[in-house]
1. (1) surrounded by 11 or more Cβ atoms within 10 Å (Cβ to Cβ); (2) over 16 Å from residue 1 (Cβ atoms): which one isn't true of residue 94, the others all being true?
2. Could you list, in sequence order, all residues of the range 24-60 that are more than 21 Å from residue 88 (Cβ to Cβ), in contact (Cβ under 8 Å) with a residue 40 or more places away in the chain and within 15 Å of the chain's Cα centre (by Cα)?
3. For the range 11-85, which fully contained strands (runs of 3 or more DSSP E) count at least 3 residues that are buried (at least 16 other Cβ atoms within 10 Å of the Cβ)?
4. Taking the condition within 10 Å of the chain's Cα centre (by Cα) and either at negative phi or part of a loop (DSSP other than H, G, I, E, B) (or both), does residue 93 pass?
5. Of all residues in the range 1-23 being touching a residue at least 12 places away in the same chain (Cβ under 8 Å) and out of contact with any strand residue (DSSP E or B) (no Cβ under 7 Å at 6 or more places or on another chain), which is farthest from residue 57 (Cα to Cα)?
């Protein structure tokens, strides 16, 4: 794993993050192929139209924004650890919510995205 700057991330990643923060549904979905896959909170969302419905309701609808705090490149995939905010239900969530977005990129498209609220692990060298 190698920490990189957002500017060093592939353009498709920067476009996706910019679209999310602009609440631009068409641009959010434009980076995905027809057979895209998103996993959010252990929910499998398959196909571009399902991905569109998910982002429409749970990102655009809840005015979600992501402020990157760390960007990691790992064998061509990109992990964005970001500070999430928005109008979603924050019951039982920490005051500062950091989520990890795992992005699998092929042919300049995001073919898979997993959005995970990770917990620190005692097994990592740096378990922050």
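Only the coordinates and a few stated rules stand behind these numbers; no lab work does. Model, not experiment: these values are computed from the prediction. No Cβ is skipped: glycine too gets one built from the backbone with ideal geometry, and neighbour counts run over all protein chains shown.
1. Of the numbered conditions (1) surrounded by 11 or more Cβ atoms within 10 Å (Cβ to Cβ); (2) over 16 Å from residue 1 (Cβ atoms), the odd one out for residue 94 is (1).
2. Within the range 24-60, 31, 32, 36, 37 qualify.
3. Because the criterion is at least 3 residues that are buried (at least 16 other Cβ atoms within 10 Å of the Cβ), the strands (runs of 3 or more DSSP E) in the range 11-85 that meet it are 37-40, 65-74, 77-85.
4. So residue 93 does not fit the description; no.
5. Top of the filtered list is 8.
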